[in-house]
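Heads up, the thing below is written out as structure tokens.
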Amino acid sequence: MNNFKRTLITSALPYANGPVHIGHLAGVYVPADIYARYLRLKEKEVIFIGGSDEHGVPITLKAKKEGITPQDVVDKYHKIIKDSFAEFGISFDIYSRTSSKMHHETASEIFRTLYEKGKFIEQSSEQFFDEEANQFLADRYITGTCPKCNYEKAYGDQCESCGSSLNAIDLIHPKSVLSGNKPVLKKTKHWFLPLDQYEPWLREWILENHKEWKSNVYGQCKSWLDGGLNPRAVTRDLDWGIPVPVEGAEGKVLYVWFDAPIGYISATKELTDDWTKWWKDNDTRMIHFIGKDNIVFHCIIFPAILKAEGSYILPDNVPANEFLNLEGDKISTSRNWAVWLHEYLEDFPGKQDVLRYVLTANAPETKDNDFTWNDFQARNNNELVAILGNFVNRALVLTQNYYHGIIPPAENLSEYDNNVLAELINLKSETEKSIENFRFREALKIAMDMARLGNKYLADMEPWKLIKSDPEKVKSIINISLQIAANLTIVLDPFLPHSMEKLRGLLNIEKLVWSQLGRPDLLETGHKVAKPELLFAKIEDEEIARQVNKLLETKKANEMESAPVKPAKSNIEYDDFAKMDIRIGTIVTAEKVAKTKKLLKLTIETGIDTRTVVSGIAEYFEPEKIIGKQVTMLVNLAPKMLKGIESQGMILMAENEEGTLVFVSPEMKINNGSEVK
RNA sequence: UGCGGGGUAGAGCAGUUGGUAGCUCGUCGGGCUCAUAACCCGGAGGUCAUAGGUUCAAGUCCUGUCCCCGCUACCA
């Protein structure tokens, strides 16, 4: 990294349809912020870019649902997100948004440049159009009957009943969500970026020249490239977004993933008139901090756009993190399964650094990790309080007790003293190495070792004993202990900025820079330090219990809420029902179908014959326990091959909203083959 | 089923280019009493999922198998 003059740090733009949670922080913003603060401490030229991503279909749907405009939605969440980042201490040089004028202009301009250079291919296809609302319909704006399971409220892209992914034009009886009318098929033209043409270049750029990228990033890219890239539409028929700035594109906007990463550029332009040096100078090193769900956009699509444009630099590294889980479950905005940043800041005022510490110490750098409140408490009480806070407090209290807060001189240093001071320099270079390789959890551990070193130094030196026998020696012990504390204000500053500011206050010093780290003379003899004050407070069991209860209540609320009973299907004639031959049968054998999660292979004595049925119930029943059970079964359903086994019928099951299955069984034993009518 | 990631001490996690398997918590024993019952030292606890291969040397590289997570498919 020494070959670069400056560093441009971007962090994924949070989508403005909800607040920010700990998963976003651990994956993207905390590591990006540590990196930015570190480079600033090193007195490097650096800017750190962030902003809200405010376009796309989900925001229009949310607006419609709440009866407000898309602009209202993004205004609301942009404010919450921006304010909570600021209070949390994410040190963006600018936090912008993609609905800004600057962004609209910038994205349009880049699109037009690519258009004029002939970098797009134009393609027309038939899509659904609502004549009353006078607009094309995004997949989510169309409902209809699923061609696979006949569920009547399938969406244009997916059926939520059977889970199949669909094409809107395959829906039976399609209906527009906007007007309720039947949409008509109409030709529409879109612009595609022919990613396939960039494949050889991407292969060389990533697979040959960036082997140092993290294995999850490199692996994902390789898999995309090996699978072959297809042209990707970069425009949409939608009225929320950036209008496509060419003729014949009325009513079309840029695809959200085309415009969002360009938001990094627009934000830079807003920040400084001198923006080209950040984006068009090969001496600038660009780093994208993202989560693993964004890898393809930042490593394949956005670079292809920049390459097509021709005058921009490409990312030097894309340190994507995995996901953070919460108490064993996947974090989910829609299920409210999250620790929201704005709520954390209310519940734990002044404890920004505790969350920063926990999220860094347990960051999902190589695999998905789990956040638990018990771990949060343990790391605060056993590490921040016991190791770091306690060391600082010991040093300050001793200074107060023995010297009234005046720093004594360090003279006649022993070999041990010198070894301790040398270790500071060693810890400095190790911390640097880890940060520069994006291993922040390791870097934090090493930085904390400096506090551990201080505790050990005091324990080994025992100044509280020496004060009686060798008071001269105690002076240098206290001096060195305070020098260690002063070094902590540098090495931990990127990780714990609020606490280090407080510690500088206690030591009564100004902010120091990274190049001073490791020095034994950061504090002058005779300098007066402040009265000791605790750097971190213990977190009590009750506070943790409150948070755990909050989550349990969410879980309960989710179970209640997710129980909408599906509306009745349309009427049928008796003859339709009579076509079905439903019988009582007995399960005589049951075994799991190898390599499947849900399938059981059952042998059923139907009274008519003995037959094989494959049933998707393995998650709810153990094979041994259902043998001998009487079940209801549709026996005249056409056979179907499932995982190489012919299934000759279907067991009737009742299923609730959570997907839990129960048998529909006769309430008392009855002969196999008995008809259900 | 396909793709990606992962399986390392009781729990949660590190382990860079192969070179004595480590950290935090917990646990057991000791020391200390300046410090927020905090700190320091020591012990116990691991066939690094599994089978094979390459190598003087494999947690690390190669191959097969099993299991877990995410997306995907299967739910007659």
>> Taking θ = phi - 60°, what integer Hz values does the Karplus form 6.51 cos²θ - 1.76 cosθ + 1.60 yield along the stretch A:502-513, in sequence order, with x for Gly and Pro?
In response: 5, 5, 4, x, 5, 7, 6, 10, 7, 5, 9, 10
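Assuming 0.692 mPa s and 37 °C, estimate D for the stretch A:427-477 with Stokes-Einstein, Rh taken as the Kirkwood radius over Cα pairs, in µm²/s. All intermediate terms of the calculation are to be shown ahead of the outcome.
Working: Rh = 12.6 Å.
Roughly 261 µm²/s, to the nearest whole number.
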>> Starting from a Cα-only point model with no solvent, please compute log10 I(q)/I(0) by Debye for the stretch A:1-90 at q = 0.24 1/Å.
In response: -1.14
> Dividing the Cα radius of gyration by the Kirkwood radius, what Rg/Rh value follows for the stretch A:315-430?
Replying inline: 1.12
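Rounded to the nearest 0.05, what FRET efficiency do A:Lys101 and A:Lys468 give with R0 = 60 Å and r taken as the Cβ-Cβ distance? Could you check? Don't skip to the end; give the middle numbers.
Details: r = 72 Å, r/R0 = 1.21.
It comes to 0.25.
Do you know the relative contact order of the stretch A:183-318, to the nearest whole percent, from alpha carbon pairs under 8 angstrom that are 6+ apart? Numbers along the way, then the final one.
On the way: 144 pairs, mean separation 32.6, N = 136.
RCO, the stretch A:183-318: 24 percent.
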> Using a Förster distance of 35 Å, how high is the FRET efficiency between A:Ile406 and A:Glu430, based on the Cβ-Cβ distance and rounded to 0.05?
Replying inline: 0.60
> With r defined as the distance between the Cβ atoms of A:Ile670 and A:Asp576 and R0 fixed at 25 Å, what FRET efficiency is calculated, to the nearest 0.05?
Replying inline: 0.50
> Given a cut-off of under 8 Å on Cα pairs at least six residues apart, what relative contact order in percent is computed for the stretch A:342-483?
Replying inline: 30 percent
>> Relative contact order of chain A, please, whole-number percent, based on alpha carbon pairs below 8 angstrom and at least 6 residues apart.
In response: 12 percent
> Which of the trypsin sites (Lys or Arg not before Pro) found in the stretch A:446-523 are in a DSSP loop and have at most 14 neighbouring Cβ atoms, other than their own, within 10 Å?
Replying inline: A:Lys511
> What do the square roots of 5 times the Cα gyration tensor eigenvalues come to for the stretch A:239-365, in whole Å, largest first, as semi-axes of the equivalent ellipsoid?
Replying inline: 33, 21, 16
>> Can you give me the long-range amide H partners of A:Phe289? Hydrogens built in the peptide plane at 1.01 Å from N, cutoff under 5 Å, separation of 5 or more residues or another chain.
In response: A:Thr10, A:Ser11, A:Ala12
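As an exercise, take the mean of 1/r over every pair of distinct alpha carbons in chain A, invert it, and state the Kirkwood radius in angstroms.
On the way: mean 1/r = 0.0338 Å⁻¹.
It works out to 29.6 Å.
Please quote Rg/Rh for the stretch A:233-309 to two decimal places, taking the Kirkwood radius as Rh and restricting both calculations to Cα atoms. Numbers along the way, then the final one.
Numbers: Rg = 14.2 Å, Rh = 14.1 Å.
For the stretch A:233-309, the value is 1.00.
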> Ordering A:Asp541, A:Asp368 from largest to smallest accessible area (1.4 angstrom probe), what's the sequence?
Replying inline: A:Asp541, A:Asp368
> For the stretch A:465-535, what size does the Cα cloud have along each of its three principal axes, sorted from largest down, in whole Å?
Replying inline: 41, 26, 19
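Rounded to the nearest 5, what is the percent of antiparallel bridges among the DSSP beta bridges in chain A?
Values: 55 of 77 bridges.
Counting only bridges with both partners in chain A, antiparallel ones make up about 70 percent.
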> Separation of the stretch A:408-438 and the stretch A:608-622 by C-alpha centroid, Å?
Replying inline: 67 Å
> Got a number for carbon plus sulfur as a percent of the stretch A:410-558's accessible area, 1.4 Å probe?
Replying inline: 49 percent
> What does the charge count near A:Tyr38 come to, summing +1 for each Lys or Arg and -1 for each Asp or Glu among other residues with Cβ under 13 Å from its Cβ?
Replying inline: +2
> Under a plain spin-label model, where a point goes 7 Å from the Cα along Cα-to-Cβ, how far apart in nm are A:Ala86 and A:Phe4?
Replying inline: 2.8 nm
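In the structure shown, do any of A:Lys277/A:Lys307; A:Lys351/A:Lys456; A:Lys330/A:Lys598; A:Lys475/A:Lys528; A:Lys119/A:Lys189 have a Cα-Cα gap over 19 Å, and if so which?
In this structure, A:Lys351/A:Lys456; A:Lys330/A:Lys598 exceed 19 Å between Cα atoms.
Enumerate by residue number the trypsin sites (Lys or Arg not before Pro) in the stretch A:317-398 meeting two conditions: DSSP loop (anything except H, G, I, E, B), and at most 13 other Cβ atoms within 10 Å of the site's Cβ.
Answer in residue order: A:Lys367.
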> At 222 nm, what helix-only mean residue ellipticity would chain A give, in deg cm²/dmol to the nearest 500, using -39500 (n - 2.57) for each DSSP H run of four or more?
Replying inline: -11500 deg cm²/dmol
>> Give me a comma-separated list of calculated 3J(HN,Hα) values for the stretch A:519-526, in order, Karplus coefficients 6.51, -1.76, 1.60 applied at θ = phi - 60°, integers in Hz, x for any Gly or Pro.
In response: 7, x, 10, 5, 10, 8, 4, x
> For A:Thr366 and A:Glu543 in one chain, what is 0.36 nm times their gap in residues minus the Cα-Cα distance, to one decimal in nm?
Replying inline: 60.7 nm
> Rg and Dmax of the stretch A:363-496 over Cα atoms: what are they, in angstrom?
Replying inline: 16.7, 54
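The values are calculated or read from the model by the stated rules, or taken from the named source; none is laboratory data. Every value quoted in this text rests on a predicted model; they were computed, and no experiment measured them. Ideal geometry is used to build each Cβ from the backbone, glycine not excepted, and the neighbour counts take in all protein chains shown. When the accessible area is computed, the model is the full protein with side chains, heavy atoms only, and any ligands, DNA or RNA have been set aside. Shrake-Rupley method; radii C 1.70, N 1.55, O 1.52, S 1.80 Å.
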